[in-house]
Structure formats: C-alpha cells, structure tokens
Amino acid sequence: MNKFIPNIYRLEIDITYLCTLKCFNCNRGISVAPHNREHNMTVDQIQKFIEQSLEAKHPWERIKLIGGEPTIHPQFDEILELLHSYKIEHNINLDLRVTSNGTTKYTQQKLDEINQSYPDVIVENSGKVDNFIPGFALSHVAPCDMYAYKNHNYKGCWIPEECGIGLNFSGFYPCSIGGSIARIFDLDFAIKNVKDINIEILMGMYNSLCSLCGMYHNIKVDDENIETIMSPTWQKRIDSIDNRYILSKF
C-alpha cells in the first residue's frame, strides 16, 4: 500500500481548541485534554501566515477555519476579515470556509453574520445538539496499542489527501488532527514557514502521529458508546498531562 499524499493546497486552520461542546471521542482531544488560551492562534499569526503565503507564492485552493468552535475565538472577526481580504486581494478563486457546530445562539448569530457580510465564504454548520455523535471514530484508541500494528510503517489516511494539511498555534502538520495530537503529546516538530512546506517532510511525521490516531484504523462508535474511550497510551498521557507546557509557536 502506498502512502497517502498530503494535499498541500488545502488547509484547515485550528484557530482555537475552545469549544461549546465536549463531544465523546472528539478527534481534536477537546473532551480529554484541557484547553490553554496559549493554544489560540493570534491575529499576528494569521497575518504572518498570509505574508508567508504571498512571499512563497503558495497557491492555496481551500482554507477552512475550524477548531474547536472557531466562532468563539475572541478575535474571530479579525481573523476572518484578514483571510477574506487575502482572498479578495490576492487569491480570488480561494475556497474560504468556516466550520461550526452551530450549537449555541451566539454561534448561530455569528454564522448568520458571516452569511450576510461574506456571501462568498462557505459556512459548514454540522448542527450538533449534544456530545454524542454517532459514527465518530474512536480517536483515542492508538494503533500502537493494537497488536495488528506492531512494527507498522504508517502510511497516513484519506484525511491529508481530502481535507489537506493542518495549521495550529505551533505550525503546519500533515493534517489538522495531527496538530491536535502534537498539542497533547508535546510533539514539537511543526513546520514554521509556508515556504518550507514539503510533502516528504509531512509524510515523515506519519509514524509519530498516525501511531496515536484512532482515525487510522477508523473503528467507529456505535449507538451504545456514549462515552470517550481511550487506549493505554492515551490514558497514560491524559493522566500525566501538564497543560502548562506549550509547543514552540508558529
């Protein structure tokens, strides 16, 4: 089996790991790992990302603001305006999106404002109503804890190919889920500059990230799994996590 190739022209930006829900088995680890405000991306970091993109002449095809719940980021409006200006002034064909759970009145109000003020921005509203989401993968069941993956050479999955690479407060990863795993397991190897984005480097992160990611084996939640399930490696990490440690910043 060949390795999945990250789509380096599509990007998911986790601007925050704050959320209005704590969905069981959330693939961002929000239900198990506490958020630190230092995990929020800043306006300056988004501006830096845009400047790097222009300098590198990187032809982004799609950028998605996600999280967490992006609309509750304290600087969400400024971040969206910066990215929209980048689209209008430098990349008119950019597919710019905001993905939200649409749960609270505040979030719905923000989505309505986006639809009115930015009709060329696509709003993806999942419409979640509680923390149980049928069909979620058991994200915190690490393949490295399963005998079938002993000495396995990890090849990635469909997510980097379809959704693209990820950016969070620390930098770029082969996918946004990988960035959340790095946040929790203190894996400080993110790419720090758009010009340095390289498919081989990104795929070189697969063994470290995919070995911890339940999306790799994609075992699904059934209608009775109304709880977060963790394998030993995840449980050990969550029991000992020090939320004061922050990865180096983008």
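Among (1) assigned to a loop (DSSP other than H, G, I, E, B); (2) of a type in the set (A, V, I, L, M); (3) open to solvent by less than 10 Å² (accessible area, probe 1.4 Å), which single condition is residue 63 missing?
Status for residue 63: all satisfied but (1).
Please indicate, with yes or no, whether at least one residue in the range 85-95 is open to solvent by 20 Å² or more (accessible area, probe 1.4 Å), of a type outside the set (Phe, Trp, Tyr) and assigned to a strand (DSSP E or B). I'd like the intermediate steps shown before the answer.
Restricting attention to the range 85-95, the residues satisfying the condition of being open to solvent by 20 Å² or more (accessible area, probe 1.4 Å) are 85, 88-93, 95.
Add one more test, that the residue is of a type outside the set (Phe, Trp, Tyr), and what stays is 85, 88-93, 95.
Next, only the ones that are assigned to a strand (DSSP E or B) stay: 95.
Among the residues of the range 85-95, at least one is open to solvent by 20 Å² or more (accessible area, probe 1.4 Å), of a type outside the set (Phe, Trp, Tyr) and assigned to a strand (DSSP E or B), which makes the answer yes.
Among (1) over 18 Å from residue 34 (Cα atoms); (2) surrounded by fewer than 20 Cβ atoms within 10 Å (Cβ to Cβ); (3) in contact with a Leu (Cβ under 9 Å, 6 or more places away or on another chain); (4) at pLDDT 95 or above, where does residue 250 come up short?
Condition (2) is where residue 250 drops out.
Pick from 127, 102, 135: which is surrounded by 15 or more Cβ atoms within 10 Å (Cβ to Cβ), in contact (Cβ under 8 Å) with a residue 12 or more places away in the chain, of a type in the set (Gly, Ala, Ser) and outside any helix (DSSP H, G or I)? Let's see the steps before the verdict.
Numbers: 127 fails: surrounded by 15 or more Cβ atoms within 10 Å (Cβ to Cβ); 135 fails: surrounded by 15 or more Cβ atoms within 10 Å (Cβ to Cβ).
Going through 127, 102, 135 in turn, the sole match is 102.
Say whether the condition of being basic (Lys, Arg) and buried (at least 16 other Cβ atoms within 10 Å of the Cβ) is met by at least one residue in the range 232-242.
Looking through the range 232-242, at least one residue is basic (Lys, Arg) and buried (at least 16 other Cβ atoms within 10 Å of the Cβ).
Could you list, in sequence order, the residues of the range 105-120 that are within 25 Å of residue 60 (Cβ to Cβ), of a type in the set (D, E, K, R) and not in a loop (DSSP other than H, G, I, E, B)?
Within the range 105-120, 110, 113 meet the criteria.
Would you confirm, using the coordinates I've provided, whether residue 25 is open to solvent by less than 40 Å² (accessible area, probe 1.4 Å), part of a loop (DSSP other than H, G, I, E, B) and either free of Cβ contacts under 8 Å to residues at least 12 places away in the same chain or on the phi > 0 side of the Ramachandran plot (or both)?
Considered against the rule, which asks whether it is open to solvent by less than 40 Å² (accessible area, probe 1.4 Å), part of a loop (DSSP other than H, G, I, E, B) and either free of Cβ contacts under 8 Å to residues at least 12 places away in the same chain or on the phi > 0 side of the Ramachandran plot (or both), residue 25 comes out as yes.
Within the range 189-204, can one find any residue that is buried (at least 17 other Cβ atoms within 10 Å of the Cβ), within 21 Å of residue 40 (Cα to Cα) and free of Cβ contacts under 8 Å to residues at least 40 places away in the same chain? Write out each step before concluding.
Step one: of the range 189-204, the residues buried (at least 17 other Cβ atoms within 10 Å of the Cβ) are 190-191, 194, 197, 202-203.
So of that shortlist, the ones also within 21 Å of residue 40 (Cα to Cα) come out as 190-191, 194.
Checking the rest, the ones that are also free of Cβ contacts under 8 Å to residues at least 40 places away in the same chain come to 191.
Looking through the range 189-204, at least one residue is buried (at least 17 other Cβ atoms within 10 Å of the Cβ), within 21 Å of residue 40 (Cα to Cα) and free of Cβ contacts under 8 Å to residues at least 40 places away in the same chain.
Just checking, how many residues over the range 222-247 are farther than 14 Å from residue 186 by Cα, part of a loop (DSSP other than H, G, I, E, B) and at pLDDT 85 or above?
Qualifying residue count for the region: 3.
The values are calculated or read from the model by the stated rules, or taken from the named source; none is laboratory data. Computed from a predicted structure; not experimentally measured. A quick note on method: Cβ atoms are made from the backbone with ideal geometry, for glycine too, and the neighbour counts reach across all protein chains shown. Surface accessibility is based on the protein's heavy atoms, side chains included, excluding ligands, DNA and RNA. Shrake-Rupley method; radii C 1.70, N 1.55, O 1.52, S 1.80 Å.
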